[in-house]
1. Would you mind finding the one in Ser278, Ser288 that is without any contact (Cβ under 8 Å) to a residue 60 or more places away in the chain, in contact with a Lys or Arg (Cβ under 8 Å, 6 or more places away or on another chain) and polar (S, T, N, Q)?
2. List, please: which pairs have Cβ atoms under 6 Å, are six or more places apart or on different chains, and start with a residue in region 115-137 that is at pLDDT below 75 and end with one that is of a type in the set (D, E, K, R)?
3. Cβ-Cβ distance below 8 Å, separation of 6 or more or different chains: which pairs start in region 311-331 with a residue that is at positive phi and of a type in the set (Gly, Ala, Ser) and end on one that is part of a strand (DSSP E or B) and at pLDDT 85 or above?
4. Is there a residue being in a helix (DSSP H, G or I), within 30 Å of Gly344 (Cβ to Cβ), of a type in the set (A, V, I, L, M) and under 17 Å from the mean Cα position of the chain (by Cα) anywhere in region 117-130?
5. Can you confirm whether Lys106 is out of contact with any His (no Cβ under 7 Å at 6 or more places or on another chain) and surrounded by fewer than 18 Cβ atoms within 10 Å (Cβ to Cβ)?
6. Residue by residue through region 131-140, note down the ones that are among the polar types (S, T, N, Q) and in a loop (DSSP other than H, G, I, E, B).
7. Name the single residue that is surrounded by the most Cβ atoms within 10 Å (Cβ to Cβ) among those in region 54-78 being outside any loop (DSSP other than H, G, I, E, B), of a type in the set (A, V, I, L, M) and in contact (Cβ under 8 Å) with a residue 40 or more places away in the chain.
8. In region 86-102, which residues are over 17 Å from the mean Cα position of the chain (by Cα) and closer than 20 Å to Thr46 by Cβ?
Amino acid sequence: MTTVIETLATKRIVVCCGPGGVGKTTVSSALALRLAETGKRVCVLTIDPARRLSDALGIETLDDSPRVVPGVRQGSLKAAMLSTAGTFDALIDRYAENPEQAAQIKANRLYQNLATSLSGMQEYMAIEKLNELTNDDSIDIVVLDTPPTRNALDVITAPSRLTRFLENRIFRALLSPTTSYLRVISIATRSVLTSLGSIAGAELVDDAVAFFQAFHGMEQGFAERATSMREILGSYLTAYVLVTSPRLDAIEEAHYFADQLSKATLTTNAMIVNRVLSGFLGPDIPDSLIARNDELGHLAQVAQDLRRAAEDGRDAIEDLARAIGPTPVISLAYQQGDIHSIEGLRDLGAQLI
């Protein structure tokens, strides 16, 4: 029978998604290491600006340039952390027709605000970074560590939303570098610009028009890459791994995400349940022992509480597994303390088979 790792090793992208607070970044790192040590060249990319990925890998700092992770026995492992503004700047430099156009765009005040504060920009740039890494000949598999569930859905749908935006008539009109074309913009478009001018000032509108006109010629590349990534994310080249924990709220969130993937005609290729208390399953602790008014009685009560928590978690996992079946389910035992080394990730990854 083919294992989950063997299946994932045939993919180009592995998207790890799920609720927050379940150890998703640690699991993504362990999964990436396990895939690398099958002989693959792997890059793990996190969208989370926190230091969780560098902490898990035992690396002091990470940025949007993939960095080699030392200590891998075979294959290779790189790691990167998305920088929204840095990725946007690099895209402008790479795809502008000339350095002058790139400088004009990056000096524009609207661009400077877009690069850091526009809603959805992080997700758009995540897709652009994913596109860059996927087309890197030195990388076989990209493991994407996404934000908590609902934000992860924004990442997956970003290519479609970006394509719709780039095809919008008003956007297309603003891209035109000629005043003659602006004169034939629809009444609705002129109304939008007039309203913007009265609310935010003519200077902001001038910045907006200048930005869109400086952007002229680059939009086709954005649209083509968005279309390409939409196709890859929906193809057999991409696997979706749902990471959760036995917590009831995490199980409910994982169920929601699996349902959303299904509605998008995407397959949940595996479910990894982290921090499972399976070692505490067993017979009830005798009431006579729990009733003791001493340290042994206290320990018996704690053991009984852990047994019940393990049982509740097991039942919740089984319910979720039935709901998303026949998806393979892997349980990872509860780890005391956080993991901050390759050795710790390797031990955790050993459970993935």
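1. Ser278
2. Within 6 Å, no pair qualifies.
3. Qualifying pairs under 8 Å: none.
4. Within region 117-130, one or more residues are in a helix (DSSP H, G or I), within 30 Å of Gly344 (Cβ to Cβ), of a type in the set (A, V, I, L, M) and under 17 Å from the mean Cα position of the chain (by Cα).
5. yes
6. Selection gives Asn135, Ser138.
7. My answer is Ala56.
8. The answer is Gly86, Phe88, Asp89, Ala90, Leu91.
The values are calculated or read from the model by the stated rules, or taken from the named source; none is laboratory data. Quantities reported herein were computed from a predicted structural model and do not represent experimental measurements. Because the Cβ atoms are built from the backbone with ideal geometry, glycine has one as well, and the counts that use them run over all protein chains shown.
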